[in-house]
Amino acid sequence: MKILLTAFDPFGGESINPAEEAVKSVASPDGVELYKLTVPTVFGKSSETVIQEIDRIHPDVVVSIGQAGGRSGITPERVAINVDDARIADNEGNTPKNKPVVTDGPAAYFSTLPIYEITEALTAAGITSSISNSAGTFVCNHLMYAVLHYAADKFPGMRAGFIHVPFLPEQAVQKRENCPSMPLDTIVCGIEIALETVAETK
């Protein structure tokens, strides 16, 4: 099995992105050929970068990881919607407002990852986790939607989805009081469990 694991670079004034930092250290599950890719936090360019890699390696699964500051746990996303609507600028200054990710595309795509099994496995391991019903309307949602749309059109057997992770403690301490965070080694472990679960779930 081939899994493409992607992570965004820092954005929104942050000097680090926990997704990128964690993915660097993630080990491949047994029987999995793991490919890693850092993705620019930019509308359009993010999906183009991942789609180019999909075309190159033909993965069985694409798992994208992103930062969701303010969340306390690891949260697989249930759905991506066909909307780009930026509250802040992306890393190239783009601020789309109420624009479709794909013109004339479906309203939404559901994740094809085993999101229930992932949250159950994480919880059993003592890692805070829950399913999220909104990937937002920033670049994370953009990428999830674009990849699922591309899979539906070009790689119908390919599974794909998105998982958000919290701030690292060193980020959270600079935010509001009691801002949630998760240690890097816990995030790494959580992503590894998620990949193992994906590999084991048909």
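The values are calculated or read from the model by the stated rules, or taken from the named source; none is laboratory data. What you see is a predicted model; the values in this text were computed from it and never measured. Reconstructed Cβ throughout: ideal geometry from the backbone, glycine too, with neighbour counts over all protein chains shown. Ligands, DNA and RNA are excluded from the accessible area calculation, which covers all protein heavy atoms including side chains. Shrake-Rupley method; radii C 1.70, N 1.55, O 1.52, S 1.80 Å.
Identify the residue in segment 178-187 that is within 14 Å of Ser72 (Cα to Cα) and either part of a loop (DSSP other than H, G, I, E, B) or of a type outside the set (A, V, I, L, M) (or both) and, among all such residues, is modelled with the lowest pLDDT.
Of everything passing the filter in segment 178-187, Asn178 is modelled with the lowest pLDDT.
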*Does segment 133-144 contain any residue that is of a type in the set (Val, Ile, Thr) and either over 22 Å from Val83 (Cα atoms) or in contact with a Pro (Cβ under 8 Å, 6 or more places away or on another chain) (or both)?*
no
*Those residues that are closer than 28 Å to Pro96 by Cβ and in contact with a helix residue (DSSP H, G or I) (Cβ under 8 Å, 6 or more places away or on another chain), I need them from segment 111-133; list them, please.*
Ser111, Thr112, Leu113, Ile131
*What are the pairs, 6+ residues apart or on separate chains, where a residue within segment 1-25 that is closer than 20 Å to Ile57 by Cα and touching a residue at least 60 places away in the same chain (Cβ under 8 Å) has its Cβ under 7 Å from a residue that is among the small types (Gly, Ala, Ser) and open to solvent by less than 40 Å² (accessible area, probe 1.4 Å)?*
Met1/Ala199; Thr6/Ser64; Phe8/Ala19; Phe8/Gly66; Val23/Ala7
*Output the residues belonging to segment 28-64 that are assigned to a loop (DSSP other than H, G, I, E, B), in contact with a strand residue (DSSP E or B) (Cβ under 8 Å, 6 or more places away or on another chain) and open to solvent by 40 Å² or more (accessible area, probe 1.4 Å).*
Ser28, His58, Asp60
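Kindly indicate the residue of segment 70-102 that is closer than 30 Å to Gly126 by Cβ and touching a Phe, Trp or Tyr at 6+ places or on another chain (Cβ under 7 Å) and also surrounded by the most Cβ atoms within 10 Å (Cβ to Cβ) among those meeting that condition.
Ala80
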*asked:* I need the full set of residues from segment 103-140 which are assigned to a loop (DSSP other than H, G, I, E, B) and surrounded by fewer than 16 Cβ atoms within 10 Å (Cβ to Cβ), in order please.
replied: Thr103, Asp104, Pro106, Ala107, Ala125, Gly126, Ser130, Ile131, Asn133, Ser134
*The listed residue being open to solvent by 40 Å² or more (accessible area, probe 1.4 Å), out of contact with any Cys (no Cβ under 7 Å at 6 or more places or on another chain), closer than 28 Å to Arg56 by Cβ and small (Gly, Ala, Ser), out of Ala152, Ala146, Ala160*: Ala152
_Filter segment 165-181 down to the residues that are open to solvent by 10 Å² or more (accessible area, probe 1.4 Å) and in contact with a strand residue (DSSP E or B) (Cβ under 8 Å, 6 or more places away or on another chain) and list them by number._
Phe167
